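J.: Can you keep this structure in mind? I'll have questions shortly.
The values are calculated or read from the model by the stated rules, or taken from the named source; none is laboratory data. Worth saying up front: this structure is predicted, and the values here are computed from it rather than measured. FYI the Cβ positions are ideal-geometry reconstructions off the backbone, even for glycines, and counts take in every protein chain you see.
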Amino acid sequence: MIQYKEIKVSTTDPESGYMYREGKPEGFFYLDHRTVDLKYNMITDVHITPGNTHDADPYLERLERQIDRFGFQVEAVALDSGYVTTPICKALKDKHIFAVMGYRRFSSAKGLFAKKKFSYIPDKDSYLCPGGQRLSYKTTTRDGYREYHSNPSECKECESLNQCTPSKTHKKIISRHVWEESREWVRQNKLTPSGKLLYKKRQETIERSFADSKQLHGLRYCRLRGREQVQEQALLTAVCQNIKKIVNHLAKLA
């Protein structure tokens with residue numbers, strides 16, 4: 001059976017993308033992916049994509065571009081929950097860049113144990129369920145997820161079976177990405193004093209930058225059609241914002 005994915009295309013601006021996100025307006029939009037520095041909130045990068053582009057898709061490429069072009073020595077980054085992907089976590093850890101990211105709370109199926117109830121045992125590469133049974137490694141999927149399976153004969157007799165799995169074979173399966181340690185590293189960073197401070201600063205810098213561009217510089221709406229035209233508008237807006245930042249900073253030094 002062949003499945004088809006419907007992709008909506010604008011009749012007036014085909015280069016835009018149809019965006020549907022919870023709590024956001026629905027329709028054809030462009031996304032502004034921007035980077036600011038922590039000290040002065042100067043905009044160091046602006047990149048426009050169609051509205052149906054995932055936030056995380058262009059991130060690593062844009063980070064590398066800034067490092068190569070400006071010679072930045074990036075020590076830390078603060079990102080929202082839209083950037084929490086295993087490849088990004090792994091890349092930042094490999095580059096020794098202290099990363100702090102937001103996170104989304106994913107609820108488990110009603111009445112079932114959440115994944116956090118299952119403890120990973122690194123030295124034995126296995127999971128331990130709330131009932132004390134071990135889930136052993138079985139295979140790795142093409143997407144890079146290692147699967148850990150329980151023993152059905154033991155699960156069948158468990159009093160918590162109905163809270164563990166709805167499987168008719170009485171088998172519980174837990175998935176863990178091969179780079180899961182990188183995601184755990186990012187989660188732990190946010191719990192540190194430095195991580196808490198850095199993530200708080202994210203709201204005062206990048207979020208403020210977006211708000212100013214929309215409220216004070218007309219970036220809430222595209223003035224022209226086509227990605228390149230919108231990119232030009234976003235860049236000019238960023239230039240205006242940066243000039244104001246520079247003037248304000250120099251005024252304080254005077």
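J.: In the range 102-116, which residues are surrounded by 14 or more Cβ atoms within 10 Å (Cβ to Cβ) and under 22 Å from P166 (Cβ atoms)?
T.: L112, F113
J.: It is to be established whether one or more residues within the range 175-196 are more than 26 Å from V77 (Cα to Cα) and either in contact with a helix residue (DSSP H, G or I) (Cβ under 7 Å, 6 or more places away or on another chain) or in the same structural domain as Q233 (by TED's automatic domain parsing) (or both). Explain how you work it out, then say what you get.
T.: Step one: list which residues in the range 175-196 are more than 26 Å from V77 (Cα to Cα), which gives 175.
Remaining after also requiring either in contact with a helix residue (DSSP H, G or I) (Cβ under 7 Å, 6 or more places away or on another chain) or in the same structural domain as Q233 (by TED's automatic domain parsing) (or both): none.
No, the range 175-196 has no match at all.
J.: While we're looking at this one, here's another question. Inside the range 87-199, counting only strands (runs of 3 or more DSSP E) that do not spill past its ends, which hold 1 or more residues that are farther than 26 Å from K39 by Cβ and under 28 Å from the mean Cα position of the chain (by Cα)?
T.: Details: elements: 98-101, 119-121, 126-128, 134-140, 145-149, 173-177.
Here the list reads 119-121, 126-128, 134-140, 145-149, 173-177.
J.: Restricting the search to the range 214-240, which residues are modelled with pLDDT of 95 or more and in contact with a helix residue (DSSP H, G or I) (Cβ under 6 Å, 6 or more places away or on another chain)?
T.: T237
J.: Under 7 Å between Cβ atoms, at least 6 apart or on separate chains: pull out the pairs that start in the range 136-162 with a residue that is on the phi > 0 side of the Ramachandran plot and end on any residue that is not in a loop (DSSP other than H, G, I, E, B).
T.: Filtered contacts from the range 136-162: G144/H177.
J.: Only one of S16, S10 is more than 20 Å from E204 (Cβ to Cβ), hydroxyl-bearing (S, T, Y), touching a Pro at 6+ places or on another chain (Cβ under 6 Å) and touching a residue at least 12 places away in the same chain (Cβ under 8 Å); which? It would help to see each step written out before you state the result.
T.: Numbers: S10 fails: touching a Pro at 6+ places or on another chain (Cβ under 6 Å).
Going through S16, S10 in turn, the sole match is S16.
J.: I'd like to know if the range 204-225 contains one or more residues that are farther than 30 Å from E15 by Cα and part of a helix (DSSP H, G or I).
T.: As a first pass, look at the range 204-225 and keep what is farther than 30 Å from E15 by Cα: 204.
Adding the requirement that they be part of a helix (DSSP H, G or I) leaves 204.
Yes, that holds for at least one residue.
J.: Inspect the range 61-78 for any residue being assigned to a strand (DSSP E or B) and either within 15 Å of the chain's Cα centre (by Cα) or free of Cβ contacts under 8 Å to residues at least 12 places away in the same chain (or both) and give the result as yes or no. Lay out the reasoning, then the answer.
T.: Here is the first cut: in the range 61-78, the residues assigned to a strand (DSSP E or B) are 76-78.
Still in the running and either within 15 Å of the chain's Cα centre (by Cα) or free of Cβ contacts under 8 Å to residues at least 12 places away in the same chain (or both): 77-78.
Yes - at least one qualifying residue is present in the range 61-78.
J.: Quick check on my filter: what residues within the range 226-245 are in a helix (DSSP H, G or I) and either on the phi > 0 side of the Ramachandran plot or without any contact (Cβ under 8 Å) to a residue 24 or more places away in the chain (or both)? Walk me through how you get there before you give the answer.
T.: The initial filter retains those residues of the range 226-245 that are in a helix (DSSP H, G or I), namely 227-245.
Result: E228, Q229, E232, Q233, L236, V239, C240, I243, K244.
J.: On to the next question. Is the range 4-12 home to any residue that is assigned to a loop (DSSP other than H, G, I, E, B), more than 19 Å from P58 (Cβ to Cβ), assigned by TED's automatic domain parsing to the domain that holds N52 and at pLDDT below 95?
T.: There is no residue in the range 4-12 that is assigned to a loop (DSSP other than H, G, I, E, B), more than 19 Å from P58 (Cβ to Cβ), assigned by TED's automatic domain parsing to the domain that holds N52 and at pLDDT below 95.
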